[in-house]
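Read through the structure below, which is laid out as structure tokens, and then see the notes.
Derivation of every value follows stated rules applied to the coordinates shown; laboratory data play no part. Please read all numbers here as calculations on a predicted model, not as lab measurements. Neighbour counts are summed over all protein chains in view; Cβ atoms, including those assigned to glycine, are modelled from backbone coordinates with ideal geometry.
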Amino acid sequence: MPREHFSMRLSEDERGRLAERSRETNISESELARRYVSEGLRRDLHPAITMRPGRVGGRPALASRPRLEVAVIVETWQQNGRNVKAVAKYHELTEADIRSALAYYADFSEEIDEVIARKRRIAERYERVFRQASAGR
């Protein structure tokens, strides 16, 4: 996605904390600031969703259960005939939690679909390796 130049003023303290975080994560200050703006805008739109820290940026998860990523909820929803009640019961969540994850998915479906597809490719690769290793015994 093409990017546009944008400048902003930060307090000395904010700039110092951004520089320190940049050094800690080995991510440029501008990329880190862009990520913070992007994640902040998403949080404004979807307050029930938080971002789990990750190497290449945050991964969306439920704020009430930050270890449960939106992609997992969506995948469960797809595997259960798009039944919100069933997914809520399976994950021991409220239907409102599931609807919050699905609302996020509606806005960022391409991103979530790519996460799901990547996880499936990894699982398939591990399964192939396991079968090959088992066949060699």
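General observations
- Loop-resident trypsin sites (Lys or Arg not before Pro) (DSSP state other than H, G, I, E or B) in region 1-68 with no more than 10 further Cβ atoms inside 10 Å of their Cβ: R3, R9, R55, R67.
- Against the chain, whose longest principal axis comes from its Cα atoms, helix 12-25 is set at around 40 degrees.
- Residue among D44, D13, D107 with the largest mean-square fluctuation in a Gaussian network model of the chain, springs linking Cα atoms under 10 Å: D13
- Here the extension length gained between L41 and E110 equals 23.1 nm, from 0.36 nm per residue of separation less the Cα-Cα distance.
- Exposed loop sites here are GluC sites (Glu not before Pro) assigned a DSSP state other than H, G, I, E or B and surrounded by at most 15 other beta carbons within 10 Å; excluding them, the longest clear run of the chain is 5-91.
- Residue-wise HN-Hα coupling along region 99-115, computed from phi with Karplus coefficients 6.51, -1.76, 1.60 (Hz; x: Gly, Pro): 5, 5, 5, 5, 5, 4, 4, 4, 7, 10, 5, 4, 4, 5, 4, 5, 4
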